[in-house]
Amino acid sequence: GNSVTQMEGPVTLSEEAFLTINCTYTATGYPSLFWYVQYPGEGLQLLLKATKADDKGSNKGFEATYRKETTSFHLEKGSVQVSDSAVYFCALGSGAGNMLTFGGGTRLMVKP
Amino acid sequence: GAVVSQHPSWVICKSGTSVKIECRSLDFQATTMFWYRQFPKQSLMLMATSNEGSKATYEQGVEKDKFLINHASLTLSTLTVTSAHPEDSSFYICSASLPGTYEQYFGPGTRLTVT
């Protein structure tokens, strides 16, 4: 079956530090990959996506590259801000039913 | 981007009563909507998949008679928690998928507290 594994948090960084949140997956076929962000008390927002191998998704300074050879989709940002503090979820879509499989989430805390 | 609304954003009810939560896709038609439950500091747990005009598909362990889902139109799905108990207190989130894609757009969530 499909599964997503992402690094456990919390990840605590100082403002302007470099961010990497690891995400690896197991899936049949060729999944679509997503990163979602959840701010406290809110639903999830789509941050970026990639639908085929070697695609790079990017948004708001965040990037992730679909690496089929390593089955990974790591999230990166060159310089984090306090406002980036949130929980980040890696997800994949594959198979019938349009369902997504989510990772466990990684809480990011950015200190001034 | 696609917008999904959810109402109410929070609700407090007494044990034994029923609560209805609405999920609407505001600017696109969603043939498929999803209902999730999220416990504090945990990931989302898929409860059911709701397809317009047909019965919802529930995940294993989710009581379909307790969590009634209706998807009467392409822009509206409802979740009714029947005979609520304190253990049903949780954050409920809906999402709608763009037709033909895995891309889901999420509502802001509903916090249910059963006293």
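We did not get these values from a lab; they are worked out from the coordinates using the rules stated. For clarity, every value in this text was computed on a predicted model and none was experimentally measured. Positions of Cβ are backbone-derived with ideal geometry, glycine not excepted, and every protein chain shown enters the neighbour counts.
For the stretch B:24-70, what are the residues that are of a type in the set (D, E), touching a strand residue (DSSP E or B) at 6+ places or on another chain (Cβ under 7 Å) and either more than 13 Å from every other protein chain (Cβ to nearest Cβ) or closer than 18 Å to B:E103 by Cβ (or both)? Give the derivation first.
Residues of the stretch B:24-70 that are of a type in the set (D, E), as a first pass: B:27, B:52, B:59, B:63, B:65.
Still in the list and also touching a strand residue (DSSP E or B) at 6+ places or on another chain (Cβ under 7 Å): B:52, B:59.
The one that is of a type in the set (D, E), touching a strand residue (DSSP E or B) at 6+ places or on another chain (Cβ under 7 Å) and either more than 13 Å from every other protein chain (Cβ to nearest Cβ) or closer than 18 Å to B:E103 by Cβ (or both): B:E52.
Taking the options A:L33, A:L92, A:L48, A:L108, name whichever one is in contact with a Lys or Arg (Cβ under 8 Å, 6 or more places away or on another chain) and outside any loop (DSSP other than H, G, I, E, B).
Values: A:L92 fails: in contact with a Lys or Arg (Cβ under 8 Å, 6 or more places away or on another chain); A:L48 fails: in contact with a Lys or Arg (Cβ under 8 Å, 6 or more places away or on another chain); A:L108 fails: in contact with a Lys or Arg (Cβ under 8 Å, 6 or more places away or on another chain).
None of the other options fit; the residue is A:L33.
From the list A:A96, A:A91, which one is within 13 Å of chain B (Cβ to nearest Cβ) and more than 15 Å from A:I21 (Cβ to Cβ)?
Values: A:A91 fails: more than 15 Å from A:I21 (Cβ to Cβ).
Of the residues listed, the single one that is within 13 Å of chain B (Cβ to nearest Cβ) and more than 15 Å from A:I21 (Cβ to Cβ) is A:A96.
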Selection within the stretch A:25-60 - under 25 Å from B:W35 (Cα atoms) and of a type in the set (S, T, N, Q): A:T26, A:T28, A:S32, A:Q38, A:Q45, A:T51
Residues (surrounded by 21 or more Cβ atoms within 10 Å (Cβ to Cβ) and either in a loop (DSSP other than H, G, I, E, B) or polar (S, T, N, Q) (or both)) located in the stretch A:69-79: A:F73
field: Among the residues listed as B:F39, B:F34, the single one being free of Cβ contacts under 8 Å to residues at least 60 places away in the same chain and of a type in the set (F, W, Y)
entry: B:F39
field: Answer from B:S15, B:S73, B:S89, B:S95 - the residue that is surrounded by 15 or more Cβ atoms within 10 Å (Cβ to Cβ) and more than 9 Å from chain A (Cβ to nearest Cβ)
entry: B:S89
